[in-house]
Amino acid sequence: MNSPVSQAPARAAAPVIAPARLGMRVVAVVAAAALTALAARVAVPLPGIPVPFTLQPVAVLLSGVLLGAAGGMSSQLLYLAVGMMGVPVFAAGGGPAYLLGPTGGYLLAFPLAAWVAGKVASRLPGAIGIAFGALLGLVIIHLGGLSWLAALSGREGAAAVGLAPFFVGDLLKIALVTLVGLGAGSWTHRARD
């Protein structure tokens, strides 16, 4: 006898993360957010430019490369949340008003940049994937920053103060992220899995 209740196809169970592995992921996300805050302290003001040279993009891109797209994005969302609560984790302070200043667009682009860097690095092999992911992540950071600078000061001057001074440094950042990403080796896979 057939039952009047239709049988729905069985759903695949959501992956279960072991508590130890979940704990490792949480620690890695918090550590990446802390690394971004420390990298903000390495800030070199450039004459006549409202945006300092910092090592934050290196930490942002590494968070994606080493923790994967979701972990990298999570770490940068945590970083922004802590900064918006007033903790001085940004290059020159903290608080929600900080994001309205000239560096706000760069900072708000960090989560997406980390996600893209992680996604590309996980899909393309070796140094090529890491370098290309880092490049795309930097493009996203600069697009966020330039669009915000243009909104604040006008489109004509945004690239001159928000992109051109950072070109050589960005090439060095891509190289550094690639070297560290390659050197991380098996740890990278453990943190992502």
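Taking 0.36 nm per residue of separation and subtracting the current Cα-Cα distance, fully stretching the chain between Arg123 and Ala97 would add 5.6 nm. For the range 20-192, the Cβ-based charge dipole about the Cα centre amounts to some 520 debye (Lys, Arg positive; Asp, Glu negative; other atoms uncharged). Ordering 37-45, 130-138 by mean Cβ neighbour count within 10 Å, with the highest value first, yields 130-138, 37-45. Here the contact order of the range 20-192, divided by its residue count and restricted to Cα pairs under 8 Å and six or more residues apart, works out to 24 percent.
We did not get these values from a lab; they are worked out from the coordinates using the rules stated. In this text, all values refer to a predicted model and were calculated from it rather than measured experimentally. As a convention, Cβ positions derive from the backbone with ideal geometry for all residues, glycine included, and neighbour counts pool all protein chains shown.
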